[in-house]
Amino acid sequence: MRPSLLILSFSPIARDARVLKQARLFFEQYEVTTCGYGEQPDRVAGHIRIPDELVYWHKDRALLMQRRFAAVHRRNAVVDYLWDRLPRGHFDVVLADDVDTVPLALHLAPRGGVHADLHEYAPREKEDLLRWRMFVGPYMAWLCRKYVTQCSSVTTVGQGIADEYARVFGIPATVVTNAAPYVDLEPVEAGNPIRLVHSGNAMRARGLVELVDAVVRARADVTLDLYLMPTERDLLDELAARSAGSGRVTIHEPVPYAELVGTLNQYDVGVHVLPPVNFNNKWALPNKVFDYVQARLGLLVGPSPEMAHMVREHGLGVVTEDFTTEATIAAIEALTPERVAAMKQAAHASAHELSAETQVQGWERAIDALMAKARHSPAR
């Protein structure tokens with residue numbers, strides 16, 4: 001019988017790129033069970049589905065205000081639903097995705113231990129919202145202090161976030177970035193006009209208004225295509241209105257993730273200038289920049305430490321001076337077809353190194369170590 005691994009995530013796993021990578025990484029070696037929202041991911045042995053009507057992020061407001069954090073957690077609808085449905089002492093290892101899942105993972109008492117994969121710095125996730133900062137932030141810090149410190153191993157998405165977990169809580173997290181799977185593509189010849197592209201959620205905090213304004217105002221010969229999830233529908237209307245008449249900006253429906261890199265490959269430069277409205281935005285190293293690399297695009301990013309470091313280390317593109325429209329205009333106007341061609345070749349040269357296949361080795365090492373511990377457990 002193969003060793004058993006539970007992947008626990010309060011997300012729709014079949015559509016969660018990071019968690020899906022975990023399931024695909026381990027399904028051949030281990031008996032993988034997933035627990036999360038939505039349909040069962042392909043190729044796993046089993047799936048425990050969280051009912052859609054149960055909302056994991058709903059927390060008892062009165063208990064939060066009273067700082068009765070243990071009650072906040074235990075009375076959460078999803079935790080309450082799963083508490084007795086997941087078999088205690090059954091799994092060799094539990095891989096807990098994000099802070100909210102960690103107490104439940106520890107309660108399950110896996111023989112080899114719990115590995116926590118933290119997708120952001122949880123205590124400051126929405127610190128730009130006063131109510132969240134006052135009431136939810138302390139609860140997240142409590143989860144880290146009381147539970148994440150009990151995990152056998154921890155990974156997170158970037159070095160800056162790992163450093164903060166270590167500084168504040170003494171949690172020694174290693175890094176597994178949100179790298180995209182390797183795709184065997186060639187760079188497309190740089191265009192004239194230069195074709196800029198951005199993919200992701202339509203959210204005001206992502207700096208999309210400033211990006212559209214920069215493209216409209218830039219003196220360079222460029223176009224911008226946006227592939228946006230309609231997260232904030234009013235923003236889509238505003239972006240269309242702000243760019244109307246310029247002939248430079250096109251807003252598209254989002255494409256399925258399986259088609260995204262191939263779609264992006266027809267462009268020249270992937271753009272992500274993300275204002276540092278909170279700690280996680282400041283230290284972001286998101287999926288999209290790795291998608292751009294696999295699509296063999298140059299990159300134009302803001303001076304966010306992690307993104308800027310990656311771009312400079314691999315010669316992938318341009319880093320703006322700051323997060324203003326004017327700085328983005330200056331970066332756009334510095335682009336030439338020759339420079340863009342060199343950026344695209346740098347992405348091509350770095351595609352293997354910056355792929356998921358390289359990065360997921362951090363999960364492999366952690367889970368394999370816990371499985372070895374489980375094999376020698378008296379309870380097995």
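The values are calculated or read from the model by the stated rules, or taken from the named source; none is laboratory data. What you see is a predicted model; the values in this text were computed from it and never measured. Here the Cβ positions follow ideal geometry from the backbone for every residue, glycine too, while neighbour counts run over all protein chains shown.
Starting from region 366-380, take each residue that is under 12 Å from P3 (Cα atoms) and list its partners that are at pLDDT below 95 and of a type in the set (D, E, K, R), counting only C-beta distances under 8 angstrom and pairs at least six apart or across chains.
A374/R380
Could you tell me which of the residues L143, L130, L86 is within 22 Å of K282 (Cα to Cα) and assigned by TED's automatic domain parsing to the domain that holds A166?
After applying the criteria, what remains is L130.
Here are some conditions: (1) polar (S, T, N, Q); (2) assigned to a loop (DSSP other than H, G, I, E, B); (3) surrounded by 16 or more Cβ atoms within 10 Å (Cβ to Cβ). S377 meets all but one. Which one does it not meet?
The failed condition is (3).
Any chance region 298-308 includes a residue that's in contact with a His (Cβ under 6 Å, 6 or more places away or on another chain) and closer than 21 Å to L208 by Cβ?
Yes: region 298-308 contains one or more residues that are in contact with a His (Cβ under 6 Å, 6 or more places away or on another chain) and closer than 21 Å to L208 by Cβ.
Mind checking which helices (runs of 4 or more DSSP H) fall wholly inside region 1-104 and carry at least 1 residues that are in contact with a helix residue (DSSP H, G or I) (Cβ under 7 Å, 6 or more places away or on another chain) and modelled with pLDDT under 95?
Correct list: 17-26.
Which one of A105, A109 is buried (at least 21 other Cβ atoms within 10 Å of the Cβ) and either in contact with a His (Cβ under 8 Å, 6 or more places away or on another chain) or not charged (D, E, K, R) (or both)?
Checking each option against the conditions leaves just A105.
Output the number of the condition that I171 fails; it satisfies all remaining conditions of (1) buried (at least 22 other Cβ atoms within 10 Å of the Cβ); (2) touching a Phe, Trp or Tyr at 6+ places or on another chain (Cβ under 6 Å); (3) among the β-branched types (V, I, T).
Unmet condition: (1).
Where residues in region 19-41 are within 21 Å of the chain's Cα centre (by Cα) and surrounded by fewer than 22 Cβ atoms within 10 Å (Cβ to Cβ), which of them is nearest to A105 (Cα to Cα)?
Only one residue tops the list, namely Y37.
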